[in-house]
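The values are calculated or read from the model by the stated rules, or taken from the named source; none is laboratory data. In this text, all values refer to a predicted model and were calculated from it rather than measured experimentally. All Cβ positions, glycine included, derive from the backbone under ideal geometry; neighbour counts span all protein chains shown.
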């Protein structure tokens, strides 16, 4: 039964450090009876550095906070208008490998974008999702006790300027884009609904949607 349900929590706009701590609390306290969860969240402006830290990827912080985290990957930016999906999934129980999960995450984004007539694709050697050679979605994960933390971020309707202050994902050639620049009629609420439907399809589960600003 637990494999057939995933709890989705819509947390709204949250400070990154608060969500980071709650995500680890959830993972540390989960047991064999804990249902998997997926969290929707947007963050106040912040740069986060993954396990691969290189100072040369920082050009100018412009008073935006920067924190080190335990996910894979390098530096990225989070801000309002970017929909983040945190995957708190027991891989062992679902019998999903990490590469399979990454493919699922990328396909969820690609299919959702396709519903808005945005053609997107993944690159085998560079995790994430791209549109016209520009990056629209970045991902980073951590595995702890057989379960995942962190997830994937989709740029919908945000200020992309801070991406110019870093080399996103450690690549100076990456140019970031967002859904609003391609389809002016995009609304985050509609994107979230399509993401939920696509999540349900790829995981073959019922999604129980809980709207809450606290965890």
Odd one out for residue 23, checked against (1) buried (at least 20 other Cβ atoms within 10 Å of the Cβ); (2) in contact with a strand residue (DSSP E or B) (Cβ under 7 Å, 6 or more places away or on another chain); (3) under 28 Å from residue 172 (Cα atoms); (4) modelled with pLDDT of 95 or more: (3)
Tabulated pairs, segment 174-198, first touching a residue at least 24 places away in the same chain (Cβ under 8 Å), second surrounded by fewer than 19 Cβ atoms within 10 Å (Cβ to Cβ) and assigned to a helix (DSSP H, G or I), C-beta under 7 angstrom, 6+ apart or interchain: 186/180; 194/115; 198/111
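Every residue, every condition in (1) surrounded by 13 or more Cβ atoms within 10 Å (Cβ to Cβ); (2) within 21 Å of residue 80 (Cβ to Cβ); (3) touching a strand residue (DSSP E or B) at 6+ places or on another chain (Cβ under 7 Å), yes or no:
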residue: 168; (1), (2), (3): yes, yes, yes
residue: 184; (1), (2), (3): no, yes, no
residue: 191; (1), (2), (3): yes, yes, yes
residue: 212; (1), (2), (3): no, yes, yes
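Okay, residues lined up against (1) surrounded by 20 or more Cβ atoms within 10 Å (Cβ to Cβ); (2) touching a residue at least 60 places away in the same chain (Cβ under 8 Å); (3) closer than 25 Å to residue 195 by Cα:
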site: 38; (1), (2), (3): yes, yes, yes
site: 44; (1), (2), (3): no, no, yes
site: 52; (1), (2), (3): no, yes, no
site: 57; (1), (2), (3): no, yes, no
site: 61; (1), (2), (3): no, yes, no
site: 67; (1), (2), (3): no, no, no
site: 70; (1), (2), (3): no, yes, no
site: 73; (1), (2), (3): yes, yes, yes
site: 76; (1), (2), (3): yes, yes, yes
Selection count, segment 42-64, where residues are in a loop (DSSP other than H, G, I, E, B) and under 19 Å from the mean Cα position of the chain (by Cα): 5
Where residue 142 falls short, out of the listed (1) crowded, with 20+ Cβ neighbours inside 10 Å; (2) in contact with a strand residue (DSSP E or B) (Cβ under 6 Å, 6 or more places away or on another chain): (1)
Hits in segment 193-210 (condition: surrounded by 13 or more Cβ atoms within 10 Å (Cβ to Cβ) and assigned to a loop (DSSP other than H, G, I, E, B)): 205
Selection count, segment 193-210, where residues are touching a strand residue (DSSP E or B) at 6+ places or on another chain (Cβ under 8 Å) and under 22 Å from residue 14 (Cβ atoms): 7
Evaluation of residue 186 against (1) more than 30 Å from residue 3 (Cβ to Cβ); (2) in a helix (DSSP H, G or I) (one fails), failing number: (2)
Hey, residue 136 buried (at least 17 other Cβ atoms within 10 Å of the Cβ), at pLDDT 95 or above, touching a helix residue (DSSP H, G or I) at 6+ places or on another chain (Cβ under 9 Å) and over 24 Å from residue 46 (Cβ atoms) or not: no
Residue match in segment 86-93 (condition: in a loop (DSSP other than H, G, I, E, B) and buried (at least 21 other Cβ atoms within 10 Å of the Cβ)): yes
